[in-house]
Structure formats: C-alpha cells, structure tokens
Protein chains: 4
Amino acid sequence: MAAMNNPSKIGVGVIGAGRIGQLHIEHIAQNIPEAELIAICGLNISDAESLAEQFNVPIVTTDYAPLLTNPRIDAVLVASSTDTHVEISQAAAKAGKHIFCEKPIALDLQQIDETLAIVEAAGVKFQIGFNRRFDASFSRVREAIAGGEIGEPHILRITSRDPAPPPIEYVKVSGGIFLDMTIHDFDMARYLIGDEVVEVYATGGVRVDPRIGKAGDIDTAVITLKFQNGVIGTIDNSREAVYGYDQRVEVFGSKGMVTAANPPTDTVTFSGHNGTRAASPPYFFIERYKPAYLAELQAFFTCIQEDTTPPVTGTDGRAPVVLGFAALKSLRENRPVLMSEI
Amino acid sequence: MAAMNNPSKIGVGVIGAGRIGQLHIEHIAQNIPEAELIAICGLNISDAESLAEQFNVPIVTTDYAPLLTNPRIDAVLVASSTDTHVEISQAAAKAGKHIFCEKPIALDLQQIDETLAIVEAAGVKFQIGFNRRFDASFSRVREAIAGGEIGEPHILRITSRDPAPPPIEYVKVSGGIFLDMTIHDFDMARYLIGDEVVEVYATGGVRVDPRIGKAGDIDTAVITLKFQNGVIGTIDNSREAVYGYDQRVEVFGSKGMVTAANPPTDTVTFSGHNGTRAASPPYFFIERYKPAYLAELQAFFTCIQEDTTPPVTGTDGRAPVVLGFAALKSLRENRPVLMSEI
Amino acid sequence: MAAMNNPSKIGVGVIGAGRIGQLHIEHIAQNIPEAELIAICGLNISDAESLAEQFNVPIVTTDYAPLLTNPRIDAVLVASSTDTHVEISQAAAKAGKHIFCEKPIALDLQQIDETLAIVEAAGVKFQIGFNRRFDASFSRVREAIAGGEIGEPHILRITSRDPAPPPIEYVKVSGGIFLDMTIHDFDMARYLIGDEVVEVYATGGVRVDPRIGKAGDIDTAVITLKFQNGVIGTIDNSREAVYGYDQRVEVFGSKGMVTAANPPTDTVTFSGHNGTRAASPPYFFIERYKPAYLAELQAFFTCIQEDTTPPVTGTDGRAPVVLGFAALKSLRENRPVLMSEI
Amino acid sequence: MAAMNNPSKIGVGVIGAGRIGQLHIEHIAQNIPEAELIAICGLNISDAESLAEQFNVPIVTTDYAPLLTNPRIDAVLVASSTDTHVEISQAAAKAGKHIFCEKPIALDLQQIDETLAIVEAAGVKFQIGFNRRFDASFSRVREAIAGGEIGEPHILRITSRDPAPPPIEYVKVSGGIFLDMTIHDFDMARYLIGDEVVEVYATGGVRVDPRIGKAGDIDTAVITLKFQNGVIGTIDNSREAVYGYDQRVEVFGSKGMVTAANPPTDTVTFSGHNGTRAASPPYFFIERYKPAYLAELQAFFTCIQEDTTPPVTGTDGRAPVVLGFAALKSLRENRPVLMSEI
C-alpha cells in the first residue's frame, strides 16, 4: 500500500461515523490528496469497519483516545454527537492535534469558552463546521457585499426551511430549533453582513407537528436581528417545506440587492395546459451542500498547510450559540433581547 | 354630445386632481363605460380645467360642495389630501353619494369610526383605495391561499420598497412610514391571510436619508406580525430601492408556497461576458399598478350597480391604520405591541 | 360635443370592423388624443353602429367610398378582408388620404407593386400593420442589435406558435401558413436583423389537424433564412401550442446573445410536491400585443403629424409576401429557393 | 494494498490519458467502487505515470497491447485520438475485452461497420461516449417524451455552441464541424426523439475566425433534420459563444413543450441601476458534463455486471457519423440530402 501512510500528507482521524462523518471520510479519501485517513472512530464498530474497508483506512476504534496518541495523526475531525464535542476537542487540543469540529461546539457557554481557551493555548487549528459559508452562491453573495457591490447593506432576509422534521427523539435532545437549525442561519447572517448582532427578537409556534410542541420545542420561527452597523435581518424557519430544502438569502443595500436562490435539481421545464412546471430544489442538506462540505474540509487542510487562521473560528462557533440563547430568551419572554443580556 | 349626461350611467364626481385623481379620471373616461364623469373638483383650477377639457367633463370646481348637491352625481371619488378625507366622506355620505376614498381614511381612529358610522347610517357604498389587492398576481396569490392550495398558511413575507423617497415636505405630514407606506402592506397582509393581526413588532432606522430622520421618521423598517390563526408575517420596507419599485409577497404553508414576483418591464435578456442581464421592475406605483387602479374602480362601480358590499370595506380601511399605530408604538417602546393595546 | 369634429385633430375613418378594426377603433377613441374618429365602415352595419355609438363616431357606412370624399377624414385604417386591401388602398391614395393597411397588402406581387406606385405618386403615408415590431421586448431586441450590443449577428431564431388553429374555412382562403402566419415572422426577421434575406428553405407537415392538410395547407413548419450579411435564421411555426401563444426571438452574435421571452400573464409561482409551477403566456395575439397595436397607431399618427416616413413602409409590406412565395416554392420543390427566383 | 487487485472488481485499462482519459481515470478511481484501474496507456509516459501515482494504478505503458493480454483487465476505455479508435477497438474485441469508446468510432463508415461486426462476433460490450445523454436534464427531457408527457413530438430545437474555437491545428484534423461538434447534437436529436432521421439540410458559414475557413471548415451552422415520424428538428452551432457553453434543447409536441436550459454556475442575482444580472452557464464541457461523464461510466460497468445492452450502442455510434456526412454533402451541394444517399 505504497501511497498509504505517506508522511508528507496530513494524517487524519475521523471521530464519529454518522451521516456527516461518512461524508467527511468519503471526501478525504477521494478528493483531498493532501490528507490521509489514518483512523476512524465510531460507536458502531461494524459501520466504522465497513467504512474503513471501503476507503482503506488502517485503524478502526470505538474509543477516540488512541487517535490522540497516534503520532501519524495530525488532525481530527469531530463529527460525533454534540455532547462529546467539548471533551474530545479539549483532549485533542492538549494532544496537539488540529481540530475540525462540527457545530455546535457545545450548548453551554462556559464549556465553549473553556474549550476556546484550551485550543488557543495549544496553538492548534480549530475550525467549526459551518458548511454553508462554503456554498458557491452564498460565498458569492458575501463577496458582493464585502466588495461594496450593494453599497451599505440595510436589510437581510434568510429563508431556511427543512423538507421534513427530524425524529421526535432527536428533537428532544437537539437543544431546540434555535440551537439545532437556526444556528446555521445565525452564522450565515454574521458571515454575510460581516458584523455582530446586538439584539434579537424571536417568535414562533408549533404548526408542523404537535409532538414537537409536546417535546417543548417549536417548529416554525421568525427571528429579527439588529446588527451593530444598523442592518436589520430576518430569518424564517420551518421544519417542513413540502417542496424541498429551502435555503435562500437576500441582502438589500444602498446600491442594489443581491440574492441567492435555491439551485434547481435540473433545468427542465414543462409547458402545458396548466402553465409551466420546473424542478424542485434538492431534497436536503447532503444533496444541496455536498460541494460545500468538501470545500470546508479543503479550507481546513489548507490552513493547516499554510499555517493560517481557519475561515470559521472558535469565535464564529461561539457567537451563533449565544444568538440561539438570546432567541430562546426572546421567545419565552416575548421581547427583544440584547446580546449583552446573555 | 349625445352620449354625455346619460342617465343610465353612474354619474361621478372626482374630488382631487393630483396624480391619483388624474389616473381615476382617465380610467373612468376611457375604460369604464358604465360611469360618466360629471365633475372634477381640484384645488388647482387650471389643472382641473385642462383635465376636464381633455376628457369632456362638463363641471369644474375648486369646492366639492356643489358636487354633493348635484343630482346627476351618484358617486364621488375622494382623491384629495388625507386631511380632507373625513370631512368630504362624511358630507358625501350624508348627501347620499357612494364613496370611493383613497387610503388612509384618516390618521385618527375616532374620526375613522365616526365616518364609518355615518357611512353605514347613510347606506351608501364606501370603498377604500387599497389598489394592490386588485393586482392580478396578488389576487391570484389570495385565491391560492383561500382555495387551500398551500394548505394552512404558516409564514408570510412581504417586501415593499419604493424606488426613491418622497420630498421631505411630504414626509413631515405623511403620518410616518407606517401610515404612509407600510399601510399598504398591512392591508396586503390582512388580505392575503384573511385573518386579523393580534400583535406587532416593528423595528427600523434611518439608512437612506438623514433628513428623514430629522423629520422624525424612519426610512427602513422591518415589521413582524402575529395573526390570530398563528401565521407569522414579516414586512420589510425601504424608501429607496435603486433597482426600482420592489413589491413581492411569499406565503408558505403546510402544502406548499405561493409567491408573486415583480413583473419585468420587458422580457429581454442579454448574455455576454459578464453573465445574463434582465430588465428592472417597473419604476413606481403608477407604472406597476395601473391595471390594479382600473380594476378597483371597476369593482366599485360593479358593487354600486349590483348593490353588493365593496371588496375593500371601511373596516378594511380602519385596520391598517390601527396596525400603523401599533407599529409606531412598538418602534418607540421597542417591544411587541398587542392590537388590543391600541 | 365640443371636443368632437375638432379640426386640429387628424380625422380618421376605419374601414373594417372585425376584431382588429374594433381594436383600432377603441385605441383611437381612448388613447390617441391627436386623432378623431369620423367614420366607421363595416359590412355588418349593426356591429358598426354599435361601435359608433359606444365610441361616439358620427358616421357609419357599409361602403368605404363616402369616407374617401369626406374632407374631414385625413387618414383611413384598412382592416377589412385581405382581398379588399388593394382596391381600398389605391382609392384612398388617389383621394389623398393617409393609409394604415393591415398585412398583407395583397397576395399578388403585381397588385402590391401597383399599389406602392400609386401611393408613392400620391405622396400619402402608407404604413403596414406589422404590429409585433412595436412590442416593447422585440423593439428592445432590435435596439440591442442596432446598437451593436451583440456585435455582428450570426444566428437568429424565431419561435412563433398559435394557441389554436383558425377555422378550416379561413385556412382555405388564408393564402396558406406562410402568407397568413409566417408573414409576421418574416417581417420580424427583417426587422431584427436589419438586412434582406437572399435564400429560403422551408419544410413542414400536417401534425395538428388533418383537415388543414385536406385544405392544401400545412400546420407545422420550419423555415431557414439566409441573409445577405451572412446571418442564418430559423423560424418554427405551429398552429397549436396547447400552453398558449408562443412568440420568442433569440439573436446570437459575436459579442453575446439577446432574447425576448414570452411575457407571463402573472408573476405567481406555486411550489409543492411536484416542483414549481408558473403562469402560461397570454392566450393569443390580442392579449399579447394590445400595447403593440396601440403603439403602431401612435407611430402612424406621429408620422402624419411630423411628416416623416412610416416605421413600416410599403416595401416592408411587400418583402414578407415575397418571402412567403419563396417558402411555398421551397416547400413544394424541397430545395432552397433564392429570393431572386421569385 | 489489500483492496487493490481485487478479483471481484472489474479490471479496467484506460487507453489515452488526455483530458477525457484523465477524467475517466479520476472517476473510476474515486467514484466507481465496482471497477479497479489496472493500467493506464498514454503516449506521454510522464503524464501517464503521474496519473498512475496519483490514483495508485499499478501498470503504466505507452503501448496498448499489454493491456489486451492482461487477464486482470476486463474492459478498456478508448480515449485516445480518433484515428486509433478502430484499431484498438477491434483488437480489444478480439481479446475479449469490453469496450467503452469515445466518439466518433471513426470517420469512415466501412471501418465502423467492420468494427461493429468484430465487436458483435466477440460478444463484448461496446459503448460509445455520447456523454450528454447522461446529463440529468437531457435524460429527464427524454423521459418526458418517451412517457408521452408532450404527446406526439412535432418540433425539436437544439442549441449547441462552444465558448471558444479549438486550435486551428485541431480544426484541420477534426473531420469538420459536423463530425467534431454537431455529432453530439445528431446523437442528442436521435436520443430525444427516439427515431431515425431521413433527410438533412445543412447551411453555415465562417463568422468566428477566418482561419477556420482557410482550413476548409465552417464555424457557424444551422442544420434541419426530418425524422421518419414527421418531427422536424433544427440544430444551431457556433464555435464561439462569448457567454459560455450554450447547450439547450426544446421539444414541442401535441400536448406541450419540454425544455432543458443551461444550468447556472451559481444562483446569485444582483439587481441595480441597470437591471438584474445572473450568472453565466459553466464554461465548457468538463465543467458542464462532469456528472454526465461519470454517469456514462457507471452505466457501462453496470451493463457489464448485469450483462445487458449498453445504453449507447455501436449503432448509436454509427448513425451520427452518417448524419455528419449527409450534412457535409448538403452544405456542399446546398440541397436537402436523404440519408439513403449516404
């Protein structure tokens, strides 16, 4: 296996072999020549073994500890369940491993801050998995704004709707819609506007499935954001858009407006007695954001190679969690909540 | 002039010969065969005379009183300045004339209520000029919702941006953005959802022109509406969209989404080195809503002929004013305001 | 009726009170203040009288002769059946009346040439009713080409499909699809490219209705045009597009491409389980080209007032007829036909 | 390298390591788990070696013969220059290897027929590289037609324009535009309509680059096709569309129309003073058809595994060459040419 264990490549251990972990494994194995998969750690050992076999990964474990002591492993991807992110990230940082960690870092700000401090002390790279920033259309929108194409931004609109709600069991442990789903939109808002939110007003309800309400959550939400620079943003979320994954942004400014629409799954139209019919958007996040998931990993490995700051920092990982808490407080107290209150 | 003064036609007096008044005059003269223009009342007598000459209108005055005593006049169109609507409408109702009144009826709820009571007592038709309801696309959206095509509505989004701010002198007397501009969107929201708003949260700022701020108003606003039936709506407004008059709606529900986009001024695209370019939307309300302005008049004359309830009632004229007050209170107090507080 | 019989206005007689004649009457009465309708001549006298009453036209006849001797009539609109165009146009020219003549002038080149000579000798305006040139989108395409926006044009594509075939009785006397339907596209081709066709290749068949074949005509056609300047154009025609009137153009050149799509009847989209649905194009020519029909009349009266050359000349009326003959010859002989052969 | 040389996988040799060969190598290595790359044969040995290293391919040669005797190789991909396709395909068939051959098989019908006979006698799979059939949008259009969604097809339009002409040296040996470029469109026409062409009329010129004319070729073409079933098709080609690779189809039938537009490179629009701007199509065939190139290989390996007929047969490879000859004859003789004449 000549090409394997190539010391010129960045050795990688993937922790967590669920849907996102598998996607990362596939991308590293097939599309990122500068990285080499050394180990997969997964709770379900037979799944992990099958992935290892498919992608020629030499080490398979159910315990992440051996990855952190393996000198061939330079970086870990933390794609395990949210409640393990802090422990693994902190241990990995102490072991001198670079870290790519799925969002959210944690649902506890003290734990996040502790982790950021440890990571900083260790001097390792720490990138958060806000994949949507790497979508070609959204990053083009960001460029347009940063490049002054729309002048000063005034109004931001984000539409973010899932095609179907997650299982109720997941809803119960997800941290709620704001920390599970809107967190991506909070990040997108900060990314597009390039500024910090100072106040949040959230409202919502249970319109999709009463079981979500019984689980203490909502499934439909509209959030208003006020930025330091005066931009006003709104986000609307639903757990069920029957026409597919709906992910659009619009930024309006003094010199124009820039938007990103849903990509069509094909470009076919049919015209008949009842008008013209076009395709739906891609079904869900894997279909829609696969290239973005790859691009975020490429950026991570590039910043290791070039020793630069990751494009999504620990601070970027922390801010949307704070926004989630603010939104939740706003929803409960039915009033705008200052970020300084959290 | 054989066809003139035809008693089988509805005799009409138009009060106010500004931009909207002129449009109504043109429409009645050219496109509404069942109505006949008997009189034009305008403060600027030479303008009014020139219109009268152009459209063969026999009577021209600067005072509306003679119109109300003219037995040949069955209906008046009140397109004079807002501060005259109440006096004229009340007098017209007492004189037994049907009334088409531009929005808003007034900026004072007591005056509105008094007017509605007088109109009701008089038994005359009273239609409010919320022209956008008669736009082919928006009325098709309403039909789709009323017909259950999107199931239960969950989220409403209205984008409503003017191409350029009005003169500062107008801003000072307009009643503010919520009562001058958003009022149309409040009406659209009620029309599309077919339900009443119970709570309003408004935020905004001065982003377009500091003189608007000095005049005590804002020029950029985002308003969140909660409806009795659980729908959450947002409206965003700007006084200046450099790409033209931006008037879009989107309603999302349990079975799908219905949207109305801006109509293009032409269907031409140009593809070159820098992508593909398409036309802007129509410049402003006259260009965009001319057919809707005609359709609302046709509906008014039809309801006179068929003795039915006008499609936009006095109640429909009152509700958006209340919403405007609630929005203003919300903006000032930075909190959601219940409609029951107004 | 003070404003009537106003000598400062261009007095107009409309000859032919069918669908197009009625549209012209309505437009002159309502939208062209510089013209005044003096007379309507229609074979069906009760229809003509009813139009005259509706639009206050003093004279109604079944014979066009009195119109030509009426000193108050400056111009005639010839919207009668094709076989009368030559006789009426020649008589009108000799009477010194300006002429707006529906297409085609005639189906006989000698008659056309004779008519053009008489018109020229008389020094009256003679405009042909190729209304589509006045469509906002098509004229914008022409401007783009004339202004060099696409560089040198290389390829032209015209799609022109009716929503439903005409009655078989009409098909029999129509002169065939090339002279009845494609004639508009031949004119559009010359208009957009601003050059003359040198060769035509036509092919087609009977796909829509076998009765059209029995009547000696085809209902589906594809025509290739070679222009003097090297542009190659194709036109495709069908007598039945179930989704509505389909009228599109595309011109491709060295610096880009310009297209004009069908205008939507509304801008509403509905997204559901089966993709996204948008509106059909307008049903047929009246719905689609009403503004173009008005614009061509406005241009006609302007060129009378300003004594300029009409935007669609007699030569422009002749050329598409020659193209129609060439196409017919090409179809019959199944070979490209040079225009010099006709 | 445990997973390598896995006898349960289809062993593959790729002959030709140019642009398309490299794409096939990448796809097999990364995306087709049922196939294993055993050998790369390339004229440029250092390029081939570098590919072999990158993708862990054990054998590298400049001579294809060893591939045909290698028992581990079950199938070869022929992506070498066109003039070698016949020799290699025939040798591979005689060696019992399945063959995926890039288009065209040859520019000589006798050689093609000989090859098809040898392949058939050998009983190996023989698939031709008409990749566009595997484009998601075009295959959806084919499904719509085959499924009767547009009723009986009447008119076909194919637009196929390259972003920039190939080098003049390539033009000289390419066989001409019809056999190099239009060949794909001929295949697309047969694929979409599911029927055979009976007559071809071709016209064209030199509009893009006079050197192409000097090389005896044209760079702009419009071709009319008549199908056995009565469908009339047109293809238009240009060697230079400055806005990018333009690949669209439209099929019109008795019950409606189905179209496939260019996919946008992103879904971003910018609205400003000069209208709304959207992205260009992908630059060229690699960018546009990468997923189609993968899908055709997947189909090839599936038909080996399941022992079914390839989706693009030798006959499908032959027909467009005959169409190319007919088009050339038509262009030279300026008349429609029957397929039976070739």
- Message: Kindly evaluate A:ILE28 against the criterion of being part of a helix (DSSP H, G or I), within 14 Å of another protein chain (Cβ to nearest Cβ) and buried (at least 20 other Cβ atoms within 10 Å of the Cβ).
- Response: yes
- Would the stretch A:217-230 turn up any residue that is more than 30 Å from B:ALA164 (Cβ to Cβ), crowded, with 23+ Cβ neighbours inside 10 Å and within 14 Å of chain D (Cβ to nearest Cβ)? no
- Has the stretch A:160-182 got any residue that is in contact with a helix residue (DSSP H, G or I) (Cβ under 9 Å, 6 or more places away or on another chain), within 10 Å of chain B (Cβ to nearest Cβ) and surrounded by fewer than 22 Cβ atoms within 10 Å (Cβ to Cβ)? no
- Yes or no: C:ALA144 within 14 Å of chain B (Cβ to nearest Cβ), in a helix (DSSP H, G or I) and modelled with pLDDT of 95 or more? yes
- Task: Would you be able to tell me the number of residues in the stretch C:96-118 that are under 14 Å from C:LEU77 (Cα atoms) and either part of a loop (DSSP other than H, G, I, E, B) or over 21 Å from the mean Cα position of the chain (by Cα) (or both)?
- Result: 6
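Okay, residues lined up against (1) part of a helix (DSSP H, G or I); (2) of a type in the set (S, T, N, Q); (3) crowded, with 19+ Cβ neighbours inside 10 Å; (4) modelled with pLDDT of 95 or more:
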| residue | (1), (2), (3), (4) |
| --- | --- |
| D:MET1 | no, no, no, no |
| D:MET4 | no, no, no, no |
| D:PRO7 | no, no, no, no |
| D:PRO33 | no, no, no, no |
| D:ALA39 | no, no, yes, yes |
| D:ASP47 | yes, no, no, no |
| D:GLN54 | yes, yes, no, no |
| D:PRO66 | yes, no, no, yes |
- Note on the structure: Residue set A:SER271, A:SER280; condition assigned to a strand (DSSP E or B) and touching a Gly at 6+ places or on another chain (Cβ under 6 Å); output residue A:SER271
- Look at the stretch D:263-283 and say how many of its residues are touching a residue at least 24 places away in the same chain (Cβ under 8 Å) and either facing chain A (nearest Cβ under 7 Å) or farther than 18 Å from A:ALA136 by Cα (or both). 1
- Message: Can you tell me which of (1) of a type in the set (A, V, I, L, M); (2) buried (at least 23 other Cβ atoms within 10 Å of the Cβ); (3) over 15 Å from C:ARG157 (Cβ atoms); (4) within 7 Å of another protein chain (Cβ to nearest Cβ) is the one D:ALA189 doesn't meet?
- Response: (4)
- Any chance C:SER160 is at pLDDT below 95, of a type outside the set (Asp, Glu) and within 28 Å of C:TYR243 (Cβ to Cβ): no
- Task: Examine the stretch A:261-270 for a residue that is modelled with pLDDT under 95, closer than 30 Å to D:ALA144 by Cα and of a type in the set (D, E, K, R), and state whether such a residue exists.
- Result: no
- Query: β-branched (Val, Ile, Thr), in contact with a strand residue (DSSP E or B) (Cβ under 6 Å, 6 or more places away or on another chain) and over 26 Å from B:ILE232 (Cβ atoms): does that describe A:VAL258?
  - Reply: no
- Task: Go through the stretch C:283-308 and give me each residue that's under 30 Å from A:ASP266 (Cβ atoms) and assigned to a helix (DSSP H, G or I).
- Result: C:ARG288
- Go through the stretch C:121-133 and count every residue that is within 21 Å of the chain's Cα centre (by Cα) and not in a loop (DSSP other than H, G, I, E, B). 6
- Taking the stretch A:195-216 as the search range and keeping residues that are within 8 Å of another protein chain (Cβ to nearest Cβ) and not charged (D, E, K, R), which one is farthest from B:THR224 (Cα to Cα)? A:VAL208
- Message: Looking at the stretch D:128-136, can you tell me whether even one residue there is modelled with pLDDT under 95 and closer than 17 Å to D:GLY21 by Cα?
- Response: no
- Message: If I filter the stretch C:247-262 down to residues being more than 22 Å from the chain's Cα centre (by Cα) and either of a type in the set (Asp, Glu) or surrounded by 20 or more Cβ atoms within 10 Å (Cβ to Cβ) (or both), which single residue comes out as farthest from the other protein chains (Cβ to nearest Cβ)?
- Response: C:GLY253
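The values are calculated or read from the model by the stated rules, or taken from the named source; none is laboratory data. The model shown is predicted, which means the values in this text are computed figures rather than measured ones. Methodologically, a virtual Cβ is constructed for each residue, glycine included, from the backbone with ideal geometry; neighbour enumeration extends over all protein chains shown.
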